[in-house]
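These notes are about the structure you will find just below.
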Amino acid sequence: MDNESNIAYITLSGYVEMNKYRYLYFTVLFIVYVLIICSNSTIVYIIWTDKDLHEPMYIFIAALLFNCVLYSTTVYPKLLIDFLSEKQIISYSACLFQFFTFYSVGGTEFLLLAAMAFDRYVSICNPLRYQAIMTKATVTSFLILSWIIPFIHLGAETFWSAKAKLCSFNLKGIFCNNSIFPLQCVKSRLITIMGLVSLVYVVILPILFTIFTYTKILIISFEKGKAFRRKAAETCIPHLLVLINFSYLAIFSIIIARVESDLSETVQFVMTLQLFVYHPWLNPFIYGLKMKEIYKRLKFFLIK
């Protein structure tokens with residue numbers, strides 16, 4: 001195996017009872033993947049085609065749901081292929097690409113949620129200046145930065161990881177996440193620093209900003225009337241639910257990949273699956289049912 005040219009093949013050893021349940025795994029996750037694509041794409045289509053929904057809040061929601069499709073696509077196709085394959089292997093270069101896309105798209109989600117929090121803050125707490133602040137150029141800038149910032153950070157980390165020499169070819173997982181680093185012969189201080197910088201700028205700072213923003217909205221809403229509090233709750237609760245859900249999954253992903261665990265292989269397999277099973281499937285239901293304008297149009301779309 002030639003590490004220098006990255007044609008080494010890595011075995012994904014996190015699967016459980018593959019010979020016994022491979023077709024069950026494939027059927028269930030194929031159905032889940034189709035539901036994710038259809039549910040997210042339907043709401044994106046509704047927002048895209050309805051000019052009344054061409055407002056910053058709905059544009060950010062559409063971007064978030066489109067990002068959910070990308071997030072799922074970084075994992076599901078390879079996962080479904082592995083379920084039907086005799087050997088669950090992946091080349092190191094393909095593994096790095098999956099690592100890069102998975103964490104880049106995941107980071108984009110946190111930045112989009114931060115942008116949505118800022119939009120809600122301006123709309124609720126400074127409504128008279130909303131049109132002047134949340135212009136088309138501002139929204140476009142937020143969207144571009146949400147995808148570019150993680151791309152740059154993870155791109156640098158992936159580039160240096162590609163230069164690392166491997167001493168192990170057995171990855172204890174079912175896809176390429178942070179578990180790739182224990183495969184390297186030498187723990188690179190540069191890659192570790194890059195990972196910490198990426199974690200701060202792409203995950204921690206957006207989460208802190210989002211929490212701070214919603215806390216400010218909550219404080220101001222309690223100083224206002226009941227109608228104001230209801231309006232704030234209707235628009236903020238869906239975003240908070242998505243933030244809490246995805247933050248929990250992101251933290252869990254880092255812990256299970258970086259920290260040695262005494263959990264059984266079956267428990268780790270099931271807990272890893274939840275990283276990309278219910279989050280991208282849950283998002284369209286949160287926004288489709290909790291956002292009144294989207295719900296009305298979704299109901300009409302489905303009836304039609």
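The values are calculated or read from the model by the stated rules, or taken from the named source; none is laboratory data. Everything quoted here is computed from the prediction, not taken from an experiment. Virtual Cβ from ideal backbone geometry, glycine too; neighbours counted across all protein chains shown. Ligands, DNA and RNA are excluded from the accessible area calculation, which covers all protein heavy atoms including side chains. Shrake-Rupley method; radii C 1.70, N 1.55, O 1.52, S 1.80 Å.
Any of LYS78/LYS299; LYS136/LYS224; LYS163/LYS187; LYS224/LYS296 with alpha carbons more than 23 Å apart? Name them for me.
Details: LYS78/LYS299 34 Å; LYS136/LYS224 29 Å; LYS163/LYS187 12 Å; LYS224/LYS296 28 Å.
Correct reply: LYS78/LYS299; LYS136/LYS224; LYS224/LYS296.
How far is helix 56-73 tilted off the main Cα axis of the chain, in degrees rounded to 10, range 0 to 90?
10 degrees
Using a 1.4 Å probe, what is the accessible area per residue for segment 8-50, in Å²?
Values: 2410 Å² over 43 residues.
About 56 Å² of surface per residue is accessible.
Report the FRET efficiency, 1/(1 + (r/R0)^6), for PHE151 and THR192, where r is their Cβ-Cβ distance and R0 is 25 Å, rounded to 0.05. Intermediate results must be reported in sequence, preceding the final value.
On the way: r = 20 Å, r/R0 = 0.81.
Between PHE151 and THR192 the formula returns 0.80.
If r is the Cβ-Cβ distance from THR42 to SER168 and R0 is 45 Å, what FRET efficiency results, to the nearest 0.05?
Details: r = 43 Å, r/R0 = 0.96.
Working from the Cβ atoms, E equals 0.55.
I'd like the carbon and sulfur percentage of the solvent accessible area for the chain, probe radius 1.4 Å, heavy atoms only, ligands and nucleic acids excluded.
Values: 10920 of 15950 Å².
Reported share for carbon and sulfur atoms: 68 percent.
Over 18 Å between C-alpha atoms is what I'm after, so list which of LYS51/LYS231; LYS51/LYS292; LYS87/LYS172 land there.
Numbers: LYS51/LYS231 22 Å; LYS51/LYS292 16 Å; LYS87/LYS172 14 Å.
From LYS51/LYS231; LYS51/LYS292; LYS87/LYS172, over 18 Å: LYS51/LYS231.
Tally Lys/Arg at +1 and Asp/Glu at -1 over every other residue whose Cβ is under 11 Å from the Cβ of LYS296; what's the total? Present the calculation step by step, with values, prior to reporting the outcome.
On the way: positive: LYS292, ARG297, LYS299; negative: ASP50, ASP52, GLU293.
Net charge in that neighbourhood comes out at 0.
Roughly how many Å is it from the Cα centre of segment 29-76 to that of segment 205-248, as a whole number?
22 Å
Return, in residue-number order, each cysteine of the chain whose C-beta is not under 4.7 Å from any other cysteine's C-beta.
CYS38, CYS68, CYS125, CYS236
For the chain, modelled as a Gaussian network with Cα springs under 10 Å, which listed residue fluctuates most, LEU24, LEU171, LEU53?
Highest fluctuation among the options: LEU24.
Each label point is 7 Å from the Cα along the Cα-to-Cβ direction; what then is the distance between the points at LEU84 and PHE301, in nm?
2.9 nm
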